[in-house]
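**Q** Got a structure for you, questions after.
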Amino acid sequence: MLFIGPHVSTESHLALSVDRAKSYGATGFAIFTKNQRQWKSPKLKEEEIEYFKTRMKEEGFDKKSILPHSGYLINPASPESEIKEKSLSLLKDELDRCLLLGLDILNIHPGAYKEGDRIDGIKRSAKMLDDALEEREGVRIAVENTAGAGTIIGNTFDELEAILENAKHKDQIGFTLDTAHLYGAGYDVKDDIDGILDDFFRRLGKDKLYGMHLNDSKVPLSSKKDRHDSIGAGLIGLDPFLQIVRRNDIENIPLILETPDENRWAYEIRTLQDEYRRTH
Ligand SMILES: [Zn+2]
Ligand SMILES: [Zn+2]
């Protein structure tokens with residue numbers, strides 16, 4: 001099954017995300033379970049949780065098809081004690097929200113080390129994932145690869161591997177590969193998406209790709225920048241995305257569009273679904 005769909009809004013009611021996803025013909029989707037730019041958000045209400053679950057069921061969305069994205073303030077690699085403390089408590093809260101909603105993966109950014117040694121940032125990031133996962137079963141963290149601007153870690157497979165190696169809860173940690181971030185980080189997905197994915201699977205393991213973010217890029221290879229474009233409209237072009245859905249090892253994981261033009265979402269989904277059906 002190809003689980004594909006956009007990152008949709010939860011405005012007005014969490015369960016409206018299901019309707020929004022459905023309206024584009026999605027078979028999967030992403031949401032923020034709270035305001036992504038605030039440290040604190042109100043608790044999820046019982047009614048909100050139940051209605052979300054009901055609508056998911058009614059529309060036939062499996063939890064495997066959903067990839068919630070954590071808030072932007074969390075910095076697991078931070079050296080500053082106040083940020084560390086706030087990040088950990090928010091990360092725990094976000095994992096608990098996933099559990100309450102019946103979802104089992106949370107996508108997070110690995111963070112920025114700010115100062116000192118890069119490897120220390122990687123170790124801090126791994127430690128925070130462990131601390132957040134402690135006593136939380138039934139939920140996993142997908143660490144998203146980055147374009148690597150400034151002191152942001154996680155822009156190479158070496159660093160993703162190092163995060164995993166430094167963590168204890170390895171069975172609850174995997175990755176999301178974002179194609180625009182790969183391109184920004186210097187992985188030429190336009191030229192060799194298959195080779196790059198094969199390399200990931202060989203090094204990180206077959207079961208470590210928890211999801212993908214399918215985004216074209218407005219900025220060039222190795223720019224270290226992260227500016228998404230609509231599928232086929234950017235510098236990556238349509239072909240690598242068709243190639244991705246032809247593969248057998250990206251089935252049954254959420255493939256999320258974080259593309260800027262929602263008027264193109266239905267078309268993007270249909271194009272990739274058609275190619276999947278044609279080749280499977
Ligand atoms: Zn992200
Ligand atoms: Zn992304």
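What follows is calculated from the coordinates using simple rules that are stated; it is not laboratory data. Keep in mind it's a predicted model, so treat the numbers as computed, not measured. Because the Cβ atoms are built from the backbone with ideal geometry, glycine has one as well, and the counts that use them run over all protein chains shown.
**Q** Could you put LYS40, LYS127 in order, starting from the residue whose Cβ has the fewest other Cβ atoms within 10 Å? Could you put the intermediate results ahead of the total?
**A** Details: LYS40 10, LYS127 17.
With the fewest neighbours first, LYS40, LYS127 line up as LYS40, LYS127.
**Q** Then there's this: Cut-off under 19 Å on the C-alpha distance; same-chain residues fewer than 8 positions from LYS123 excluded. Which aspartates and glutamates are left, in chain and number order?
**A** GLU80, GLU82, GLU85, GLU115, ASP131, GLU134, GLU144, ASP158, GLU159, GLU161, GLU165, ASP171
**Q** Which of HIS13, HIS228, HIS181 ends up with the largest GNM mean-square fluctuation for the chain, with Cα atoms connected below 10 Å?
**A** Looking only at HIS13, HIS228, HIS181, the biggest GNM fluctuation is shown by HIS13.
**Q** Mind listing the phi-derived Karplus ³J(HN,Hα) values for the stretch 140-155, rounded to whole Hz, using 6.51, -1.76 and 1.60 with θ = phi - 60°, and x for any glycine or proline?
**A** Once θ is set to phi - 60°, the couplings for the stretch 140-155 become 10, 10, 9, 7, 8, 5, 10, 7, x, 5, x, 9, 6, 8, x, 9 Hz.
**Q** Here's another thing I want to ask about it. For the stretch 18-57 and the stretch 251-280, what is the separation of their Cα centres, given in Å?
**A** Here the two parts' Cα centres lie 20 Å apart.
**Q** Rounded to the nearest 5, what % of DSSP beta bridges with both residues in the chain are antiparallel? Display every interim value, and only then the final one.
**A** Working: 3 of 25 bridges.
So the antiparallel bridges amount to about 10 percent of the total.
**Q** Please list the non-local residues whose amide H lies under 5 Å from the amide H of ILE4, H modeled 1.01 Å from N, same-chain partners needing a gap of 5 or more.
**A** Close amide H contacts, sequence-distant or interchain: THR27, GLY28, LEU255.
**Q** List, in order, the whole-Hz ³J(HN,Hα) value for each residue of the stretch 17-33 obtained from phi through the Karplus relation with A = 6.51, B = -1.76, C = 1.60 and θ = phi - 60°; use x for Gly and Pro.
**A** 4, 5, 4, 4, 4, 4, 5, 9, x, 6, 10, x, 6, 10, 9, 9, 8
**Q** Here are some pairs, LYS45/LYS127; LYS64/LYS92; LYS22/LYS63; LYS86/LYS225; LYS43/LYS84; which of them have Cα atoms lying more than 25 Å apart in this structure? Before the final figure, lay out each step's value.
**A** Working: LYS45/LYS127 31 Å; LYS64/LYS92 21 Å; LYS22/LYS63 15 Å; LYS86/LYS225 27 Å; LYS43/LYS84 22 Å.
The answer is LYS45/LYS127; LYS86/LYS225.
**Q** Relative contact order of the chain: what whole-number percent is it, with Cα pairs under 8 angstrom and at least 6 residues apart? The partial results should precede the final answer.
**A** Numbers: 601 pairs, mean separation 53.3, N = 280.
Answer for the chain is 19 percent.
**Q** Picking from SER70, SER78, SER23, which is most flexible by a Gaussian network model of the chain using Cα springs under 10 Å?
**A** SER23
**Q** Here is a follow-up. For the stretch 159-217 and the stretch 82-153, what is the separation of their C-alpha centers, rounded to whole Å?
**A** 16 Å
**Q** Would you please name the trypsin sites (Lys or Arg not before Pro) within the stretch 180-221 that are DSSP coil residues with at most 12 other C-beta atoms within 10 Å of their C-beta? Working shown, then result.
**A** Details: sites: LYS190, ARG202, ARG203, LYS206, LYS208, LYS218; in loops: LYS206, LYS208, LYS218.
Qualifying residues, ordered by number: LYS206.
**Q** While we're here: From the Cα gyration tensor of the chain, with a ≥ b ≥ c the square roots of its eigenvalues, which class applies: rounded if a/c is under 1.5, or else prolate if a/b is larger than b/c, or else oblate? Can you show the working numbers first?
**A** Details: a/c = 1.60, a/b = 1.07, b/c = 1.49.
Oblate is the answer for the chain, as a/c is 1.5 or above yet b/c matches or exceeds a/b.
**Q** Arranged by the count of other C-beta atoms within 10 angstrom, fewest first, what order do ILE196, ILE256 take? Walk me through the numbers before you get to the answer.
**A** On the way: ILE196 19, ILE256 28.
Going from least to most buried by this count: ILE196, ILE256.
**Q** Placing unit charges on C-beta atoms (Lys and Arg positive, Asp and Glu negative, everything else neutral), compute the dipole magnitude of the stretch 3-279 about its Cα centre in debye, rounded to 20. Write out the running numbers ahead of the final one.
**A** Numbers: 40 positive and 50 negative charges, 61 e Å.
Using only the charged Cβ atoms, the result is roughly 300 debye.
**Q** By counting other Cβ atoms within 10 Å of each Cβ, how are TYR187, TYR51, TYR72 ranked from fewest to most? Don't skip to the end; give the middle numbers.
**A** On the way: TYR187 25, TYR51 16, TYR72 11.
Going from least to most buried by this count: TYR72, TYR51, TYR187.
**Q** With the cut-off at 1.5 for a/c, could you classify the stretch 106-202 from its C-alpha gyration tensor as rounded, prolate or oblate? Spell out each step's value before the answer.
**A** Numbers: a/c = 2.16, a/b = 1.36, b/c = 1.60.
Oblate, because a/c is 1.5 or more while a/b does not exceed b/c.
**Q** Which of GLY148, GLY237, GLY111 moves most in a GNM of the chain, Cα contacts under 10 Å?
**A** The residue with the greatest mean-square fluctuation here is GLY237.
**Q** For the chain, what does -39500 (n - 2.57) per DSSP helix run (n ≥ 4), summed and divided by total residues, give at 222 nm, in deg cm²/dmol to the nearest 500? List each step's numbers first, then the result.
**A** Values: 9 runs with 112 residues, N = 280.
Result for the chain, helices only: -12500 deg cm²/dmol.
**Q** Per residue of the stretch 108-122, in order, report the coupling 6.51 cos²θ - 1.76 cosθ + 1.60 (Karplus, θ = phi - 60°) as ³J(HN,Hα) in whole Hz, putting x for Gly and Pro.
**A** 10, 8, x, x, 10, 7, 6, 8, x, 8, 4, 5, 5, x, 4
**Q** Amide H to amide H, which residues 5 or more places from VAL143 or on other chains are under 5 Å from it, using H placed in the peptide plane?
**A** Here ILE108, GLY174, PHE175, THR176 satisfy the definition.
**Q** Okay, moving on. Using amide H atoms built in the peptide plane, which far-off residues or other-chain residues are under 5 Å from ASN75 H to H?
**A** Those qualifying (amide H under 5 Å, at least 5 residues apart or on another chain) are SER87.
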